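The values are calculated or read from the model by the stated rules, or taken from the named source; none is laboratory data. Being a predicted model, the structure only gives us computed values, none of them experimental. Cβ placement follows ideal geometry from the backbone for every residue including glycine, while neighbour counts extend to all protein chains displayed.
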Amino acid sequence: MPELPEVETIRRQLQRSLPRRKIKSVFVYLDKMVKAGPGKISNIKSGSKKFSAVFAAGLRNRTITKVERRAKYLIIKLTGRRNLLVHLRMSGQLIYLPKKDLKNPLALSMAKTAIKQTLPGKHTHVEFIFSNGDKLFYNDTRQFGHLRLVNDKEMRDVFAAHQLGPEPLTLKLKEFSAIIKKHSNKRAKDFLLNQSVLAGIGNIYADESLFASKISPLRKVGKLKPAQQKLLFASIRKVLKKAIALGGSSIEYFLMTNGDSGSFANEHLVYGKAGQPCPVCGRPLKSQKIGSRTSVFCAYCQK
Ligand SMILES: [Zn+2]
């Protein structure tokens, strides 16, 4: 599932390709991928053919000005104060192809059996065509992601409805310690995964950050000494920044906007490695369900 580094990777790449691109037309192949509100852009029920037509008409002839990110949301800003919000959820992909590359086939998953295909493919649900002939494809195999066209107020309402916490990469240590104090009773893993506490961290980066800071996912954050809080804070930043620099973790479906895979999965020390030797002490890594997610950690090194 794409987390902060994957979404930030996409943002940085789209920020290089999309600004100044004018949308000529939009095709929605699967209506349920386009969502409304929470404020409505029309009174038509979302998920319907009619709603997709309103969505496409709302984008047509607008020019993209900037690509931003909030938590795991991509914000594609358009002229006329419209924002296209994209949430990739489990398996969403945004592939940007310049006109000259449209005939190049791409493998859309990390599976060894993945067949190369040209886009739009079977899992392309929305297609954007720009006035210069370039195209942007939204692919989503599991179909949990969504796109919304909202004005600025509606965008703020979406974020408020999800109670998104602060961004870990712009947070100061002092603020981080204050958040720990406020949530002192939470276990470290629950603390990191809670999007209203810190936004954008999921299972991969929570497990990797906790291992890097030698903190057990079961440890109550209120019990962390100031030096440990500082180490956790620094580890989160270090892990996220390195992951962004390497284009994120491509495990199942995550791809960069040109179809290449990110290479941070090669750097994972514990995530997905239950039973394998701890890279520090050599003892087998433990796997345990904490909250609703499986955590992998070293019960010896992480206290
Ligand atoms: Zn260990």
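Working only within the range 246-272, note down all residues that are part of a loop (DSSP other than H, G, I, E, B) and among the hydrophobic types (A, V, I, L, M, F, W, C).
The answer is 246, 251, 254, 255, 256, 269, 270.
How about the range 204-244: which of its residues are within 15 Å of the chain's Cα centre (by Cα) and closer than 18 Å to residue 299 by Cβ?
Residue satisfying the conditions is 206 alone.
Residues being surrounded by fewer than 17 Cβ atoms within 10 Å (Cβ to Cβ) and assigned to a loop (DSSP other than H, G, I, E, B): count how many of those fall in the range 215-245.
1
Would you point out which residue out of 291, 275, 248, 282 is modelled with pLDDT of 95 or more and under 25 Å from residue 71 (Cα atoms)?
Within the list 291, 275, 248, 282, the selection yields 248.
So, in the range 288-303, exactly how many residues are within 11 Å of the ligand (Cβ to nearest atom) and either within 12 Å of residue 218 (Cβ to Cβ) or of a type in the set (Lys, Arg) (or both)?
4
Say we look at the range 264-287 and pick out the residues that are away from the ligand (no atom under 14 Å from the Cβ) and touching a residue at least 24 places away in the same chain (Cβ under 8 Å); which of these is surrounded by the most Cβ atoms within 10 Å (Cβ to Cβ)?
Result: 264.
Considering only residues of the range 83-137 that are outside any loop (DSSP other than H, G, I, E, B) and over 22 Å from the mean Cα position of the chain (by Cα), which is surrounded by the most Cβ atoms within 10 Å (Cβ to Cβ)?
In this case the residue turns out to be 130.
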